[in-house]
Amino acid sequence: MKKLRMGIIGTGMAFEKLHFPAYQELADKFQIVAICDSDIKKAENWREPLRLRPEDIYSDFHELMKRDDLDAFDIMVPIELNYEVTEEVAQAGKPIICEKPLAPTKEQAEAARDLPKRFNIPIMIAENYRHNEEINIIRDLIRTNNIGTVYYFIQNRVVDFPSDMLKNKFPAREWRQHPEFLGGAFLDTGVHDLAALRHIFGAIDYVQAFGKKQKEDFAPYSVIQANLQFKSGITGHFTFFSAGKEMQKPLVGLRIFGTNGMIYLEERDCGTVNVAYNDGSNKQIPYQPQRGFYNELLNFYKAATGEETLSVTPEIEYGDAMTVFAILDSIKERKIIRVDK
């Protein structure tokens, strides 16, 4: 079996906690042959674990791009650099994985959507929620009318950013605490949930949103509440709370109401999708949490080797990012905003 020889750009927490474990599990399909980080000391820390030579470590990704023994690139940089770095790396003419969201602004998102055509290469946006088992289980339940016709849904997502800033978690990073991109934690984290909702229900017609302003830099609003109307006719309410805790159990989570019953997912790591029917019966569907990183890399490998198509392209992720921007516009302009035209 041919291994894809990967060049890694960015060796921070996304690589350490998310991508690298998936690469280890898929060691028969991938080989990391070179790494790059603007902080050369961070890159050097990976030389021994990856069994790389000193000449395989870079601080300038432009130098990494010149290697002719690379099959593809995996880009994990701060959000404000996503489009800029991806556009540069695309000039090497090789497949790319880039972390979500695809760009920090609407203008760059539009430009990022066209990169695969401009450079005639496959580009995957690493939106792992679209590859998570629980989201695909729920999507299949909806598509097969398992709970009948869907009326509406509610979802409450809580991220205790202030507490997580003090732990070895993603909010502890300076660029997330003082973001140079629109929406802060909402674009960084909320885009996951919106991508999952779009994966389940499809394209969105309109959004209407409200936000509670805060002074902290990590997000412009402590709470964002959005009403979503999908082109399928389904409506729903999404709340993103980034400044506190949800103490009552079970959590509100994601609840989908249909003519014959409802679907309930407490949170992504609970391991069970619950389905309750109007006749009093119910079922619990188990799943393995956080398989999105493995599944997206497997899809990237199969796409790069011609076995299947990419699941999450810039075109698809463009819609996810634009939903975030539409919600922020709705709050600012105090009006209903069109999303997917």
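The values are calculated or read from the model by the stated rules, or taken from the named source; none is laboratory data. Treat the numbers as computed from the prediction; the structure is a model and nothing was measured. Cβ placement follows ideal geometry from the backbone for every residue including glycine, while neighbour counts extend to all protein chains displayed.
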Note to self: Looking for something surrounded by fewer than 17 Cβ atoms within 10 Å (Cβ to Cβ) and within 30 Å of LYS94 (Cβ to Cβ) - is there at least one such residue anywhere in segment 314-331?
What the structure shows: yes
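Looking for whichever is crowded, with 21+ Cβ neighbours inside 10 Å and assigned by TED's automatic domain parsing to the domain that holds ALA276 here; the options are LEU182, LEU197, LEU166. Which one fits?
Values: LEU182 fails: crowded, with 21+ Cβ neighbours inside 10 Å; LEU166 fails: crowded, with 21+ Cβ neighbours inside 10 Å.
Going through LEU182, LEU197, LEU166 in turn, just one is crowded, with 21+ Cβ neighbours inside 10 Å and assigned by TED's automatic domain parsing to the domain that holds ALA276: LEU197.
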Margin query: Going through ARG268, ARG291 one at a time, which residue ends up being within 30 Å of LYS29 (Cα to Cα) and surrounded by fewer than 21 Cβ atoms within 10 Å (Cβ to Cβ)?
Written below: ARG291
Checklist line | Cross-chain or 6+ apart pairs with Cβ under 8 Å, segment 90-102 first and under 19 Å from THR11 (Cβ atoms) and free of Cβ contacts under 8 Å to residues at least 60 places away in the same chain, then buried (at least 22 other Cβ atoms within 10 Å of the Cβ) and of a type in the set (Asp, Glu) | finding: ILE96/ASP74
Item checked: Selection within segment 38-62 - closer than 19 Å to ALA92 by Cα, surrounded by fewer than 16 Cβ atoms within 10 Å (Cβ to Cβ) and more than 28 Å from the chain's Cα centre (by Cα) -> none
Next item on the list: Note down all Cβ pairs under 6 Å where the first residue falls in segment 145-173 and is in contact (Cβ under 8 Å) with a residue 40 or more places away in the chain, the second is of a type in the set (Gly, Ala, Ser) and part of a loop (DSSP other than H, G, I, E, B), and they're at least six residues apart or on different chains.
Entry: VAL159/SER242; PHE161/SER242
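If you check GLY148, GLY236, which single one turns out to be more than 25 Å from ALA103 (Cβ to Cβ), in a loop (DSSP other than H, G, I, E, B) and modelled with pLDDT of 95 or more?
When all the criteria are applied, what remains is GLY148.
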Next item on the list: Residues being in a loop (DSSP other than H, G, I, E, B), over 13 Å from the mean Cα position of the chain (by Cα) and small (Gly, Ala, Ser): count how many of those fall in segment 78-115.
Entry: 2
Checklist line | Long-range neighbours under 6 Å by Cβ, at least six apart or interchain, first residue free of Cβ contacts under 8 Å to residues at least 12 places away in the same chain and closer than 21 Å to THR86 by Cα within segment 307-329, second surrounded by fewer than 21 Cβ atoms within 10 Å (Cβ to Cβ) and charged (D, E, K, R) | finding: none
Next item on the list: Those residues that are within 17 Å of the chain's Cα centre (by Cα) and within 18 Å of PRO220 (Cβ to Cβ), I need them from segment 151-178; list them, please.
Entry: ARG157, VAL158, VAL159, PRO171, ARG176
Item checked: Checklist (1) crowded, with 17+ Cβ neighbours inside 10 Å; (2) assigned to a strand (DSSP E or B) applied to LYS212, failing item -> (1)
Next item on the list: For residues that are free of Cβ contacts under 8 Å to residues at least 24 places away in the same chain and within 18 Å of ASP164 (Cα to Cα), tally how many sit in segment 189-225.
Entry: 3
Notebook entry, point to check: Could you count how many residues in segment 217-233 are farther than 20 Å from TRP175 by Cβ and either in contact with a Cys (Cβ under 8 Å, 6 or more places away or on another chain) or surrounded by 22 or more Cβ atoms within 10 Å (Cβ to Cβ) (or both)?
Noted result: 3
Next item on the list: Considering each residue of segment 18-53, count those that are farther than 28 Å from GLU307 by Cβ, assigned to a helix (DSSP H, G or I) and in contact (Cβ under 8 Å) with a residue 12 or more places away in the chain, and give that number.
Entry: 4
